[in-house]
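The values are calculated or read from the model by the stated rules, or taken from the named source; none is laboratory data. As the structure is a computational prediction, the values presented were derived from the model and not from experiment. Cβ placement follows ideal geometry from the backbone for every residue including glycine, while neighbour counts extend to all protein chains displayed. Surface accessibility is based on the protein's heavy atoms, side chains included, excluding ligands, DNA and RNA. Shrake-Rupley method; radii C 1.70, N 1.55, O 1.52, S 1.80 Å.
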Amino acid sequence: MSERLSVGDAAPDFTLPDADGNDVSLASLRGKSVIVYFYPAAMTPGCTKQACDFRDSLDSLQAHGYAVLGISPDKPAKLAKFRERDGVTFPLLSDPDKEVLQAYGAFGEKTMYGKKVTGVIRSTFVVDADGKIAVAQYNVKATGHVAKLRRDLGLD
């Protein structure tokens, strides 16, 4: 089980391929706030709902100075299909080795349908302009999460 991050921790840096195979690094976004969210699998109902909620809030989030990155263990080709199918307008990044998921404490034991399993823990982080964790939320719900995050950030 990887350790969980807390507010004030340095955000683990990463460089991962996006849906088109282009590398995206957290360091390249230093100077702006970045919402990094981890989700289990592209094209599943909950993950689709969450991605569409971020998509629908993206203009407002960007107007408040936030960039959004979604990360899952899916390969870039699947992320490209997901992006095209659902009109996702922010980068979806591929972490098939789960190294970044583990660095953020977003992979490990969780309860699913009453059973303990090992997998992606749906989690969201806000990384501030200095690269520090400003918000760390684990075991978030797919539905309604973006609205809650907006309230937590004082955007609504």
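For residue 81, the lysines whose Cα comes closer than 18 Å to its Cα, not counting residues fewer than 8 places off in the same chain, are 49. Once the chain from residue 81 to residue 115 is taken as fully extended at 0.36 nm per residue, the excess over their C-alpha distance is 9.2 nm.
Once the Cβ-Cβ distance between residue 143 and residue 15 is put in as r, and R0 is 22 Å, what FRET efficiency do you end up with, to the nearest 0.05?
The pair residue 143/residue 15 has a calculated efficiency of 0.10.
Along the stretch 136-153 the Karplus relation, 6.51 cos²θ - 1.76 cosθ + 1.60 evaluated at θ = phi - 60°, assigns HN-Hα couplings of 9, 10, 10, 6, 6, 7, 5, 8, x, 5, 5, 4, 5, 4, 4, 5, 4, 8 Hz to successive residues, with x for each Gly and Pro. With contacts taken as Cα pairs under 8 Å at a separation of at least 6 residues, the stretch 87-145 carries a relative contact order of 20 percent. For the stretch 5-97, relative contact order (Cα pairs under 8 Å, six or more residues apart, normalised by length) works out to 35 percent.
Between the listed residues 145, 123, 111, the Cα displaced farthest toward the positive end of the dipole of the stretch 52-156, a dipole computed from Cβ unit charges relative to the Cα centre, is found at 111. Normalised by the number of residues in the chain, the mean separation of alpha-carbon contacts (under 8 Å, six or more apart) gives a relative contact order of 33 percent.
Inter-label distance, residue 22 to residue 152: 2.9 nm, where each label sits 7 Å from its Cα along the C-beta direction. Each Lys and Arg Cβ is given +1 and each Asp and Glu Cβ -1; about its Cα centre, the stretch 1-143 then shows a dipole of about 560 debye. Putting +1 on Lys and Arg Cβ atoms and -1 on Asp and Glu Cβ atoms, find which of 39, 68, 11 reaches farthest to the positive end of the dipole of the chain. With unit charges placed on the Cβ atoms, the residue in question is 39. When the dipole is taken about the Cα centre of the stretch 86-125, and only Lys, Arg (+1) and Asp, Glu (-1) are charged at their Cβ, what size is it in debye, to the nearest 20? Dipole about the Cα centre, nearest 20: 280 debye. Rounded to the nearest 20, the size of the Cβ-charge dipole of the stretch 69-156 about its Cα centre is 440 debye, with Lys and Arg at +1 and Asp and Glu at -1.
Considering all C-alpha pairs of the chain, those separated by over 28 Å amount to 11%. Note on the chain: helix-only mean residue ellipticity at 222 nm, from DSSP H runs of 4+ residues weighted -39500 (n - 2.57) and normalised by residue number, equals -8500 deg cm²/dmol. Treating the Cα atoms of the stretch 63-108 as identical point scatterers in vacuum, please give the log10 of the normalised Debye intensity I(q)/I(0) at q = 0.13, 0.28, 0.29, 0.30 Å⁻¹, two decimals. Debye curve over Cα of the stretch 63-108, log10 I(q)/I(0) at q = 0.13, 0.28, 0.29, 0.30 Å⁻¹: -0.34, -0.98, -1.01, -1.04.
How much area per residue is accessible in the chain when the probe is 1.4 Å and only protein heavy atoms are counted (Å²)? Spell out each step's value before the answer.
Numbers: 7440 Å² over 156 residues.
Result: 48 Å² of accessible area for each residue.
Between residue 130 and residue 4, the contour length at 0.36 nm per residue exceeds the Cα-Cα span by 43.4 nm.
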